[in-house]
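Encoded as structure tokens, the structure appears first; notes follow it.
Any read-out appearing in this document is the output of simple, stated calculations on the displayed coordinates, not a laboratory observation. From a predicted model like this one, the values you see are computed outputs, not experimental measurements. Reconstructed Cβ throughout: ideal geometry from the backbone, glycine too, with neighbour counts over all protein chains shown.
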Amino acid sequence: MCAWKGSYHKTSGKYRGITVWTSEKRYLPELKSLIGYIPKKRRKTVKVKTLDSKLIDLLEKKYGCLWWPTDMYPEGSLSDPFKHLIITILSQNTSETNCIRAYKGLTAKFEIKPEVLANAEEKEIRDSIRSGGLYNIKAKRIKEVSKTVLEKFNGDVGHILSLSKEEAKNKLMELPGIGNKTADVLLTDSYSYREVIPIDTHMDRIAKRLGLVKQDAGYDETQEALIDFIPEERRNRASGLLWLLAKHTCRAVNPKCYECLLVHLCEYKRGKNG
């Protein structure tokens, strides 16, 4: 393990004296250049409100290779609002792999349209998505959502997404089983991640470990804090990189603090060290 020690001091837009522990030797020179050095006796801590652009560059180098492939789902699935809605339901409380498996099973059996799924037998939906897990709950939800889209929105999810962000979110959350996170995932189709950052367990965890919000912060507060934390001009990509860091490094159990590029900003790590 390669280690470089210091503490955090912010002055004239330059970061100095941050404690950095990393097993990634290739990042150490850039981290040193970004941070600088202050002797131990001059250490002090200051809360950071914005993710530095140079740190985003480092996140890109480390996690960019893990970015989602463009061909995960059948062509056109994510650009079609109703199909994307069904995918978000299948993605709830499961892995991306299970979600893809379930969606492919569903498309093999049904045409993904609200009028088709609303009138399908729930058992047939359940059997087609069984490989993705939680198939009983999700089959019922898919059928109920499809019926509601038909009855309340004339089968047109795209019209909902054309409304103002607040109104669209309220309308989406009228659908059965659609909460804050799922609604926000759909809103990114119209507003992108520069304006909307969905908060799942990974994003919630990293926001709280970094000390951007308190441990009991709710969804909206956490979302606002992350939007403020990531510079707007780079938020579309950087929010995904932060999610990848949370998933692969800042894990819920046994986080890999020793390889984290943001460990010097981390309240969780500071608390562990006393």
**Message:** Suppose every Lys and Arg Cβ carries +1 and every Asp and Glu Cβ carries -1, with no other charges. What dipole size does the range 144-262 come out with about its Cα centre, to the nearest 20 debye?
**Reply:** 560
**Under 5 Å, built H, 5+ apart or other chain: amide partners of I230** = L51
**Request:** Find the percent of Cα-Cα distances in the range 81-195 that exceed 17 Å, and round it to a whole number.
**Result:** 50
**Translational diffusion of the range 136-274, µm² s⁻¹ [Kirkwood Rh, Cα pairs; Stokes-Einstein; 37 °C; 0.692 mPa s]** = 198
**5 Å binning of all Cα-Cα separations within the range 114-174, expressed as whole percents from 0 upward** = 4, 19, 24, 18, 16, 13, 6, 1
**Item:** Unit charges on C-beta of K, R, D, E only; dipole of the range 81-195, Debye
**Value:** 360
**Complete:** Answer in debye to the nearest 20: the dipole magnitude of the range 201-248 about its Cα centre, from +1 Lys/Arg and -1 Asp/Glu charges placed on Cβ, is 340
**Item:** the range 201-248 - convex hull of alpha carbons, volume per residue in Å³
**Value:** 64
